[in-house]
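Novice: For reference, the structure I am asking about is given below.
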Amino acid sequence: MNWLLSLAAVCVLVPSVHCATGTGWCYHDASCNDTKWPTLFPSYCAGSRQSPINIVPASATADSNLTAFTFLNYNSDSALKKIENTGKTVKVTLDSGIKISGGGLPDPYDSLQFHLHWGNGSSVPGSEHTVNGKRYPMELHIVNSKATYNLDTGLALKDSTGLAALGFFIEEMSGDATGQPAKWNLLSSYLSKIVNKDESATVASGISLDDLLEGVDRTKYYRYLGSLTTPTCNEAVVWTVFKDTIKVSKDLIDKFSTTVHIADNSSALMVNVFRSIQPAQSVTTQSSCSTSGYSLGLMALSLVLGGFRAI
């Protein structure tokens, strides 16, 4: 394995590791934010199938291959092992044996971790993908690696479908609810233990992935081929973005942008941790009917997406 690619895999998927290829980017400073990534990391960040994108439902083509997923051990209340502040996001490492299959994916995949993207509280949205130009308050990404690679992310990054990312929009729950849902309240309670970069905490049993995805119809989703949304932006990701949103109370959304810092507690708070919308790329889609998912007809989206480039 090429050692640079192997190191890049570790930097991207385990961003708390100090890596020469992974520390030269940021969200908050004009010298290293996402406008500079294509220059800083031209091998991939300047590529032709970059993520995230704006989704235009009216331009999505029905695809009968996009069937229901199978989620193995997503109901395990011991699936979440460790939560950490990477300096770029909040990441939760998953236990072994958590898997997905079906859903039109080429192979089964191991679920490795999930992390979140957000803006600045509920008032400044920070999802990465958008729908008809709308940005949601937060977005949760579950990162999965093709099972045949036995958790070797270096190999997965060499494969154009080596990784599968599940994207879930998070929006504010209606009404005056606080601390809801209860499992999200429990998860967010760990933020006080990871205020500073590289701090981590063990997650006690009692939270399953199904708990965190409650209310989402996981048979309804969009699909496209894209990239990692952080450097080195490898174009190795099968993206699934679910139509239904996770509903979370305002106080919990606000907690992410008011608790964790990009370095220590004297540094800036971690806010606006999302990449801007990327230009559309063309993909091959089928036009047969489907009741489950939609492949994005990205060639048709290219003109629409141009208007959302500078969000």
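The values are calculated or read from the model by the stated rules, or taken from the named source; none is laboratory data. Bear in mind the structure is a predicted one, so any value in this text is a computation, not a measurement. Heads up, the Cβs are rebuilt from the backbone with ideal geometry, glycines too, and the neighbour counts pull from every protein chain shown.
Residue by residue, here is whether (1) small (Gly, Ala, Ser); (2) more than 23 Å from Pro57 (Cα to Cα); (3) out of contact with any Phe, Trp or Tyr (no Cβ under 9 Å at 6 or more places or on another chain) holds:
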| site | (1), (2), (3) |
| --- | --- |
| Ser122 | yes, yes, yes |
| Glu128 | no, no, no |
| Leu140 | no, no, no |
| Tyr149 | no, yes, yes |
| Ala156 | yes, yes, no |
| Leu163 | no, yes, no |
| Thr178 | no, yes, yes |
| Lys183 | no, yes, yes |
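Novice: Among the candidates Asp176, Asp198, Asp210, Asp217, single out the residue that is touching a residue at least 40 places away in the same chain (Cβ under 8 Å), charged (D, E, K, R) and either under 25 Å from Gly47 (Cβ atoms) or surrounded by fewer than 16 Cβ atoms within 10 Å (Cβ to Cβ) (or both).
Specialist: Exactly one residue qualifies, and that residue is Asp198.
Novice: Whether any residue in the range 84-103 is without any contact (Cβ under 8 Å) to a residue 12 or more places away in the chain and part of a strand (DSSP E or B) is what I want to check.
Specialist: no
Novice: Scan Cys32, Cys45 and give me the residue that is modelled with pLDDT of 95 or more, touching a Gly at 6+ places or on another chain (Cβ under 7 Å) and assigned to a loop (DSSP other than H, G, I, E, B).
Specialist: Numbers: Cys45 fails: touching a Gly at 6+ places or on another chain (Cβ under 7 Å).
The match here is Cys32.
Novice: Just to be sure I understand, how many residues within the range 54-83 are at pLDDT 95 or above, over 24 Å from Thr229 (Cβ atoms), assigned to a loop (DSSP other than H, G, I, E, B) and not polar (S, T, N, Q)?
Specialist: The total comes to 1.
Novice: When you check Leu4 against the structure, is it under 21 Å from Val237 (Cα atoms), modelled with pLDDT of 95 or more and in contact with a Ser or Thr (Cβ under 9 Å, 6 or more places away or on another chain), yes or no?
Specialist: Spelling it out, it is not the case that Leu4 is under 21 Å from Val237 (Cα atoms), modelled with pLDDT of 95 or more and in contact with a Ser or Thr (Cβ under 9 Å, 6 or more places away or on another chain).
Novice: Right, next: Filter the range 237-266 down to the residues that are farther than 16 Å from Ile55 by Cα, touching a residue at least 24 places away in the same chain (Cβ under 8 Å) and part of a loop (DSSP other than H, G, I, E, B) and list them by number.
Specialist: Those that are farther than 16 Å from Ile55 by Cα, touching a residue at least 24 places away in the same chain (Cβ under 8 Å) and part of a loop (DSSP other than H, G, I, E, B): Ser249, Val260, Ile262, Ala263, Asp264, Asn265.
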